[in-house]
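Quick note: the coordinates plus some simple rules give every number you see, no bench work behind them. Quick caveat, the model's predicted, so the values are computed rather than measured. With ideal geometry, Cβ positions are generated from the backbone for all residues, glycine too; neighbour counts draw on all protein chains shown.
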Amino acid sequence: MPTLTELSAASRWASALTPKQRDKATVRTVPKGGYVCHKGEAVSQWIGVLEGLVKIATTSSEGKLAAFTGIAAGGWFGEGSLLKEEPRHYEAVALRESRIAYVPRAVFLSLLADNTGFGRFLLVQLNERLGLAMSIIEHQRLLGPDGRVARCLASLLNPTLYPEVGLTLHVSQEEIGLLVGLSRQRVNLALRHLQERQLLRTEHLSMTILDLDGLRSFT
DNA sequence: GCATTAACAGCCG
DNA sequence: CGGCTGTTAATGC
């Protein structure tokens, strides 16, 4: 299992790891529907998606589910809880079989202390997430299902968070439904609407985005 | 009206 | 064949 090379290939910052630090990271395969991490657990690791697709969500005490965002290949999350030393607020579920990397807190903290490039990586990532959250707050009430799908797709194509993702997105309609909280059929309809507006072109198991800014600002 | 579930045929890998 | 997609009908808020 070539976890070291996988990790290096995953992100540029990983090359800053010493061999000893890299040995402390673990990589495992999470099956479709499996938990990548649980809500409420003590946070001791920073988590990266090397391959696959993960949904960040929370379940209320009533069992009500709210999905926040998807994390695509190349994405890292959990730094908030890691920095604050709080129990994890959200859970992460693999929407398809995924390769997940776990970096121990000690390694994360020493990288942060010793490596300015890593600090910069984190800062840019946090800033990007903040921007995402702001745009969700700004538009949420006004957006119908089509808009939510558009926003979801745009966030998965964020070139800052997922560098290696191009303009084609390999996501099924059902996965989009799980991310935005809509039925597969409704997602299908939304995609047809977006296609009519020349914002994207749907294909089998994938779609090509023609107008990313148009998706972001979809009303 | 609008979204959801259920069901089915067609298509792709 | 199995999973994904496109469509329709019935049901619920």
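Which net charge results when you count Lys and Arg as +1 and Asp and Glu as -1 among the other residues whose beta-carbon is under 13 Å from that of A:Ser110?
Net charge around A:Ser110: +3.
Nearest 0.05, what FRET efficiency do A:Ser217 and A:Phe68 give at R0 = 22 Å with Cβ-Cβ as r?
Result of the calculation: an efficiency of 0.60.
Would you mind counting up the charge near A:Ala73? Only other residues with Cβ under 10 Å from its Cβ, with Lys and Arg at +1 and Asp and Glu at -1.
It works out to a net charge of -1.
Among A:Cys152, A:His139, A:Leu169, which residue has its Cα positioned farthest towards the positive end of the charge dipole of segment A:112-219, with +1 placed on the Cβ of Lys and Arg, -1 on the Cβ of Asp and Glu, and the dipole taken about the Cα centre?
Value: A:His139.
Mind jotting down the three principal axis lengths of chain A based on Cα atoms? Whole angstrom, largest first.
For chain A, the Cα spread along each principal axis is 52, 39, 32 Å.
Suppose the chain between A:Glu128 and A:Thr160 were pulled fully straight at 0.36 nm per residue; how much longer would it get relative to their current alpha carbon spacing?
Contour length minus the Cα-Cα distance gives 10.8 nm.
Could you give each residue of segment A:48-56 its phi-based ³J(HN,Hα) in whole Hz, using Karplus coefficients 6.51, -1.76, 1.60 with θ = phi - 60°, and x for Gly or Pro?
Each residue of segment A:48-56 in turn: x, 9, 7, 7, x, 8, 10, 9, 9 Hz.
Scanning chain A for helices, which whole DSSP H stretches are 30 Å or more long along the axis (Cα) and average -1.0 or more by Kyte-Doolittle?
A:116-139
Where nothing but the Cβ of Lys and Arg (+1) and of Asp and Glu (-1) is charged, how large is the charge dipole of segment A:42-128 around its Cα centre, in debye to the nearest 20?
The calculation lands at about 80 debye.
Please work out how much length the chain gains when fully extended from A:Tyr35 to A:Leu143, using 0.36 nm per residue of separation minus the C-alpha to C-alpha distance, in nm with one decimal.
Gain on extension, A:Tyr35 to A:Leu143, equals 35.9 nm.
Can you list the residues, at least 5 places off or on another chain, whose amide H is less than 5 Å from the amide H of A:Val36, using H built in the peptide plane?
The answer is A:Ala92, A:Val93, A:Ala94.
Sequence gap at least 6, Cα distance under 8 Å: using those rules, report the relative contact order of chain A to the nearest whole percent.
Reported relative contact order: 20 percent.
About the Cα centre, and with charges only on the beta carbon of Lys, Arg (+1) and Asp, Glu (-1), how big is the dipole of segment A:74-219? Nearest 20 debye, please.
In total the dipole reaches around 260 debye.
I'd like to know which of A:Gly119, A:Gln21, A:Phe77 lies farthest towards the positive end of the charge dipole of chain A, counting +1 on Cβ of Lys and Arg and -1 on Cβ of Asp and Glu.
With unit charges placed on the Cβ atoms, the residue in question is A:Phe77.
What order, most packed first, do the peptides A:121-131, A:147-157, A:77-87, A:174-184 have when packing is the mean number of other Cβ atoms within 10 Å of each residue?
Answer by packing, highest mean first, reads A:147-157, A:174-184, A:77-87, A:121-131.
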